[in-house]
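Colleague: Below is a structure I'd like to ask you about.
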Amino acid sequence: MKNTDLFNFYKAQTGIFITEYEKAKIDYDEDAIHDFRVSVKRMKAVLRLLENIISDNSFVSKNNIASIKKIYGSAGIIRDSQVQVSMIKKYEKKLNIFFDFYKQYFNEYEKVGKKKFDFENKVFRYELLANEIDEIKYNIDNNIAIEPSNSIFDFVKIQYKYFIKLLNDTSNEENLHDARRKIKEINYVLEIVQIYTESIDKQLLLNLKRAGSMLGKWHDKVVMIENIEILEEFIKEQSNIDKYDRLKAIVRGESELILEDINNKLDAGELNVNRLNF
């Protein structure tokens, strides 16, 4: 019965994807784009989990969900642009300084994403998604053990160990970006875990979710810094670079505080998945 619940979780996410995707097609609504991308991430978490708990290694997650991969990617361009414009407007209000060039750049970048999204909408076929859903159901019904809680727990611990390794290795900033993606995956898998057991540390789940949100904010701030640096020569031609340097310093300071806060939580044991008992 629990494996039926796992499929129902996956199918529910496909339902959310369809509902929010249809909304996003109308006017690129920010909430709809965010929500359908989150549903895809949850679907991906199920696929990654299946890849690791199907014993004969016959299931390859990247071969599934292919039907919506390009829609997800093109919507990501729109989402990234919307986030950056929203952020810069908040800093404008906070600092009483206008950053028109930055907003203009991301408004244009969003148009690129919209063109790609519109093209993918034309070639997308729901029947391909339906076939993928049928394949997932077959694998859940036939290729995994009944209530494979131990396998899931092992998967979570392995992913968490990798997350810690990435977070501690600051020699390459890309490791921190990978850590952000990894903690999101862990959180989505732990949502699935709750299908299999009710005896789970709710406070730990909340702590992990907050850590994921914090790393998401860190990511958005780092992206802003990186883009200001990439656009620096253009900014010098169009605007006052000093105000952007001031913005960079503020955003960098905020991003460093986020990482410090997460490391403090790690040191305090607030994010340790070994506290989980299935």
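No value in this document is a laboratory result; all are computed from the given coordinates. It should be emphasised that the depicted structure is a prediction, and the values quoted were computed from it without experimental measurement. Counting neighbours? That spans all protein chains shown, and the Cβs are built from the backbone with ideal geometry, glycine included.
Colleague: So how far, in whole Å, is the C-alpha centre of the range 96-148 from the one of the range 170-228?
Modeller: Using only Cα atoms, the two centres lie 20 Å from each other.
Colleague: Lysine pairs, Cα distance under 17 Å, 8 or more residues apart or cross-chain: how many in the range 184-278?
Modeller: For the range 184-278, the number of qualifying lysine pairs is 12.
Colleague: Need one word for the range 43-196: rounded, prolate or oblate. Basis is the Cα gyration tensor (sqrt eigenvalues a ≥ b ≥ c); a/c below 1.5 gives rounded, then a/b vs b/c decides.
Modeller: oblate
Colleague: Can you tell me which of Arg252, Arg181, Arg125 moves the most in a GNM of the chain? Springs connect C-alpha atoms under 10 Å apart.
Modeller: Result for the chain, Cα springs under 10 Å: Arg125 fluctuates most.
Colleague: Label Lys69 and Tyr138 with points 7 Å out from Cα along Cα→Cβ: what is the distance between them in nm?
Modeller: It is 1.9 nm.
Colleague: List the relative contact order of the chain as a percent without decimals, with contacts defined as Cα pairs under 8 Å and 6+ residues apart.
Modeller: Computed value for the chain: 20 percent relative contact order.
Colleague: Report the charge-dipole magnitude of the range 148-278 in Debye, nearest 20, computed about the Cα centre from +1 at each Lys and Arg Cβ and -1 at each Asp and Glu Cβ.
Modeller: 480
Colleague: Bins of 5 Å, beginning at zero and ending with the bin holding the largest distance: percent of Cα pairs per bin for the range 148-278, please.
Modeller: The distribution over the range 148-278 is 2, 10, 18, 19, 15, 11, 9, 6, 5, 3, 2, 1, given as percents.
Colleague: Let me ask something additional. Between Lys111 and Glu174, what FRET efficiency comes out of the Förster formula 1/(1 + (r/R0)^6) with R0 = 25 Å and r the beta carbon distance, rounded to 0.05?
Modeller: For R0 = 25 Å, the calculated efficiency reads 0.35.
Colleague: According to the square roots a ≥ b ≥ c of the eigenvalues of the Cα gyration tensor, what is the shape class of the chain, taking rounded for a/c under 1.5, prolate for a/b larger than b/c otherwise, and oblate for the remainder?
Modeller: It comes out oblate by the Cα gyration axes.
Colleague: Points 7 angstrom from Cα along the Cβ direction at Asn96 and Glu198: gap in nanometres?
Modeller: 5.6
Colleague: For the range 72-121, take the alpha-carbon Rg, divide it by the Kirkwood Rh, and send me Rg/Rh.
Modeller: A ratio of 1.09.
Colleague: While we're looking at this one, here's another question. Each label point is 7 Å from the Cα along the Cα-to-Cβ direction; what then is the distance between the points at Lys165 and Ile250, in nm?
Modeller: Rounded to a tenth, the inter-label distance reads 3.9 nm.
Colleague: While we're on this one: Place the peptides 3-12, 74-83 in order of packing, highest mean first, counting for every residue the other Cβ atoms within 10 Å and averaging per peptide.
Modeller: 74-83, 3-12
Colleague: Need one number: convex hull volume per residue for the range 181-227, Cα atoms only, in Å³.
Modeller: Spelled out: Cα convex hull of the range 181-227, divided by residues, is 51 Å³.
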